[in-house]
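Here's a structure for you.
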There are 2 protein chains.
Amino acid sequence: MFFSFGGCKTEVFIEREIPRLAQICEDFFKVLLVCDENTSSIADKIAGYDIPRCVLKSGEENKTWNAVETILNAAKSAALGRDGIFIGVGGGVIGDLTGFAASIYMRGCRLVLAATTLLAMVDASVGGKTGFDLSGIKNLVGSFYPAETVYMPLDVLSTLPAREKKSGMGELIKTAILDGDDFLDKLPVIADCGFPEKLPNDELLRYCIKRAVLYKGGIVSEDFKESGKRKLLNLGHTFAHALESAAGLGSISHGEAVAWGIIRSCELGYALGITPRARAKKIRSVISSFGYQCSAPFPHTDINMFLEAMKSDKKKKHGKLSFIVPDENSACLVELASESEVNVLTKIIKGEFPL
Amino acid sequence: MFFSFGGCKTEVFIEREIPRLAQICEDFFKVLLVCDENTSSIADKIAGYDIPRCVLKSGEENKTWNAVETILNAAKSAALGRDGIFIGVGGGVIGDLTGFAASIYMRGCRLVLAATTLLAMVDASVGGKTGFDLSGIKNLVGSFYPAETVYMPLDVLSTLPAREKKSGMGELIKTAILDGDDFLDKLPVIADCGFPEKLPNDELLRYCIKRAVLYKGGIVSEDFKESGKRKLLNLGHTFAHALESAAGLGSISHGEAVAWGIIRSCELGYALGITPRARAKKIRSVISSFGYQCSAPFPHTDINMFLEAMKSDKKKKHGKLSFIVPDENSACLVELASESEVNVLTKIIKGEFPL
């Protein structure tokens, strides 16, 4: 699949096997592999032999400037020039960090991603958002920098921990809600078949990933820098990012936070008269079938820290908080302006506004 | 003057007075002023009253991630959203740091620069190159991110230290060499009038700055990401960056290093049969008239460290070092390929190849 994001071309390959370095590039002498402790063995399979490599600590809590600096210094040690290629092998965190480092090393080098988690395949690796967390705020710092090629080797998903698979499913559900009930209605069968322990069959898995990539790629092609339609992809994310920050970055998986945030968005949308009750209930039912935390408040989370984190959200504009809420068959943007609307928000976070 | 760099519009104002905040933007509540110890009083005049401000330590040796992080945290403390405006008040270092921070805060905010040094006016503030130094390599990390508006208040130049004025003159000479002898021949009169203690008269000063901005803006409009013609602006810079790194970042001013580097480029160009001897001698004579160090090696500089720094230069491609050397009436790119050419380079740095 080909996409054009902000004038840059991205090609996506959904295949069974892990790609080999010879497929990825011709000149092995200008490559830096970036992976984490969990994806080092996948990087081995890609490299085949000794290639400069930077192994980072895994987890959202390590998505910091320190990690970016480690990549930049590894690139310098490998004597990479402006035509160097950064190959990120991992999930969303590795993709975001490698992409950011590639975007600023010598003011921008080449970037290739091998997505090794469901979350990275259905969401993070496509669309060019890179970044890291600063002062406890998720992705406070970053760039728009699409990879020239993204590989999605399905084989790697079978060994993924259940928590990781569930995290990816959160983003897949989000995309299905945006794409419409035709897609959303295909998901409960995955839960019924024993997900996250069992993955859906090959055909369904490939269908879901491809459809998610096509949907996201289409939106991002139209609105690369998120001035309009791309904001829809933040469904559930204003709540999710605040939850992740309040709980301590890394302690709740991103997809789990997104799933919980989507239900809060349904409640907000319903309170504002935008989300039909039937759709809100259907969405909650799909999310519940995958075993996510559905009710608010999220256990062991400080409400005040949550509200504080929400105020720092970067989707804020003109001082107003914005949210994406589900509508009849997709979702739309709302900005909370009045005092009473903000009060509803507080009730929702406290769990005092169930559907 | 208007320019379009990579699809972004930059407007440049060359005026006498320091701009006021009301001229720069309408909404004072989304502004962060960034300055250093030396430009804090200029920032006072811009702000008029209390506006969130970040005061950095001055000097190239402080052009590090720490400074960038200080700006980002100040922006977060000021609750800047994506529509926030970073206003950089200072010379090249403040411009590079503020521009870089603005390019990555929430994946990109608005950027305005008030250039307060001759160097920033004739070169650094126009064209969108931002960055900072890492591991002793100048501008190893950065982005292409043009300011939407650049103010050049000539009044501030009169109180500039002589070292700063000389630094700016180095870049002005560079631009004049590229633009042709018609411009270059106008410069010796400035030296004759007592520069750097005395500035040229208003008319000549404005003429030189405007012509330098027009030349650079024209080049960058054609080649924003430096894949072709923009490389010419690096005349003298491969030598200059290596000299600055070898001497210890901050100990030699950038323009002084550029002036010295241009003479080395003349020697290299002459050795390769590209720079006519008469033009090389004229260039050396202009540079000498301003009192720059002309002969090699540069005093108190380790030749081995110099060569090492040169090998890490980011203008390297396919492992080959590239240089801009003067030709008949401008300059052109050369790549050193053969062993004997690299040997000439070593001789030039050691001062064993005078014109």
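Filter region A:325-355 for residues that are within 18 Å of A:Ala278 (Cα to Cα) and not charged (D, E, K, R) and give the result. Please lay out each step first, then the result.
Of all residues in region A:325-355, those within 18 Å of A:Ala278 (Cα to Cα) come to A:325-332, A:353-355.
Residues satisfying the conditions are A:Val325, A:Pro326, A:Asn329, A:Ser330, A:Ala331, A:Cys332, A:Phe353, A:Pro354, A:Leu355.
Got a sec? Which of A:Gly92, A:Gly84 is over 24 Å from B:Gly136 (Cα atoms) and either outside the structural domain of A:Asp27 (by TED's automatic domain parsing) or not aliphatic (A, V, I, L, M) (or both)?
That would be A:Gly92, the only listed residue that is over 24 Å from B:Gly136 (Cα atoms) and either outside the structural domain of A:Asp27 (by TED's automatic domain parsing) or not aliphatic (A, V, I, L, M) (or both).
Can you tell me which residue among A:Gly168, A:Gly194 is among the small types (Gly, Ala, Ser) and not in a helix (DSSP H, G or I)?
Of the residues listed, the single one that is among the small types (Gly, Ala, Ser) and not in a helix (DSSP H, G or I) is A:Gly194.
Moving to a separate point now. Going by the conditions given, is B:Phe183 assigned by TED's automatic domain parsing to the domain that holds B:Tyr292, modelled with pLDDT of 95 or more and touching a helix residue (DSSP H, G or I) at 6+ places or on another chain (Cβ under 7 Å)? Full working, then the answer.
Working: assigned by TED's automatic domain parsing to the domain that holds B:Tyr292: yes; modelled with pLDDT of 95 or more: yes; touching a helix residue (DSSP H, G or I) at 6+ places or on another chain (Cβ under 7 Å): yes.
Against the criterion (assigned by TED's automatic domain parsing to the domain that holds B:Tyr292, modelled with pLDDT of 95 or more and touching a helix residue (DSSP H, G or I) at 6+ places or on another chain (Cβ under 7 Å)), B:Phe183 qualifies.
What are the residues in region A:186-225 that are within 14 Å of chain B (Cβ to nearest Cβ) and modelled with pLDDT of 95 or more, if any? Outline the logic, then answer.
At the first step, the residues of region A:186-225 found to be within 14 Å of chain B (Cβ to nearest Cβ) are A:220, A:223-225.
Result: A:Val220, A:Asp223, A:Phe224.
For region B:233-253, which residues satisfy the criterion of being under 11 Å from the mean Cα position of the chain (by Cα) and of a type in the set (Ser, Thr, Tyr)?
B:Ser253
Now for a separate question. Condition test on A:Ile42, is it in contact (Cβ under 8 Å) with a residue 12 or more places away in the chain and over 23 Å from A:Ser143 (Cβ atoms)?
Numbers: in contact (Cβ under 8 Å) with a residue 12 or more places away in the chain: yes; over 23 Å from A:Ser143 (Cβ atoms): yes.
The answer is yes for A:Ile42.
Then there is this: All but one of (1) touching a residue at least 60 places away in the same chain (Cβ under 8 Å); (2) more than 14 Å from chain B (Cβ to nearest Cβ); (3) touching a Gly at 6+ places or on another chain (Cβ under 9 Å) hold for A:Cys8, so report the exception by its number.
Answer for A:Cys8: the failing condition is (2).
Please specify each residue of region A:179-231 satisfying the condition of being touching a residue at least 60 places away in the same chain (Cβ under 8 Å) and polar (S, T, N, Q).
A:Ser221
How many residues, within region B:69-94, are away from chain A (no Cβ under 11 Å) and touching a Lys or Arg at 6+ places or on another chain (Cβ under 6 Å)?
2
Suppose we keep only residues that are away from chain A (no Cβ under 14 Å) and not in a helix (DSSP H, G or I) within region B:226-250. Which one would you say is surrounded by the most Cβ atoms within 10 Å (Cβ to Cβ)?
Step by step, filter region B:226-250, then rank; the result is B:Gly236.
Where residues in region A:116-137 are more than 12 Å from the chain's Cα centre (by Cα) and crowded, with 24+ Cβ neighbours inside 10 Å, which of them is nearest to A:Ala247 (Cα to Cα)?
Of all residues in region A:116-137, those more than 12 Å from the chain's Cα centre (by Cα) come to A:116, A:132-137.
Next cut, crowded, with 24+ Cβ neighbours inside 10 Å only: A:116, A:133.
Values: A:Thr116: 25, A:Asp133: 14 Å.
So, considering only residues that are more than 12 Å from the chain's Cα centre (by Cα) and crowded, with 24+ Cβ neighbours inside 10 Å, the one nearest to A:Ala247 (Cα to Cα) is A:Asp133.
Just one of B:Ala296, B:Ala331, B:Ala259 is buried (at least 20 other Cβ atoms within 10 Å of the Cβ) and touching a strand residue (DSSP E or B) at 6+ places or on another chain (Cβ under 6 Å); which is it? Write out each step before concluding.
Details: B:Ala296 fails: touching a strand residue (DSSP E or B) at 6+ places or on another chain (Cβ under 6 Å); B:Ala259 fails: touching a strand residue (DSSP E or B) at 6+ places or on another chain (Cβ under 6 Å).
Unique residue meeting the criteria: B:Ala331.
Sticking with this structure for a sec: State which residue is farthest from B:Phe144 (Cα to Cα) when the search covers only region A:121-160 and only residues that are part of a loop (DSSP other than H, G, I, E, B) and within 14 Å of chain B (Cβ to nearest Cβ). Before the answer, list the steps.
Of the residues in region A:121-160, the ones part of a loop (DSSP other than H, G, I, E, B) are A:125-128, A:135-136, A:145-148, A:160.
Right, trim to within 14 Å of chain B (Cβ to nearest Cβ) and you get A:127-128, A:135-136, A:145-146.
Numbers: A:Gly127: 19, A:Gly128: 16, A:Ser135: 25, A:Gly136: 27, A:Tyr145: 12, A:Pro146: 15 Å.
Looking at the filtered set, the residue picked out is A:Gly136.
Right, another one. Cβ-Cβ under 8 Å, sequence separation 6+ or interchain: first residue in region B:95-119 and within 13 Å of chain A (Cβ to nearest Cβ), partner hydroxyl-bearing (Ser, Thr, Tyr) and assigned to a loop (DSSP other than H, G, I, E, B). Which pairs?
These pairs meet every condition: B:Gly99/B:Tyr145; B:Phe100/B:Tyr145; B:Ala102/B:Tyr145; B:Ser103/B:Tyr145; B:Gly108/B:Tyr145.
The values are calculated or read from the model by the stated rules, or taken from the named source; none is laboratory data. The structure displayed is predicted, hence computed values, not measured ones. Neighbour counts are summed over all protein chains in view; Cβ atoms, including those assigned to glycine, are modelled from backbone coordinates with ideal geometry.
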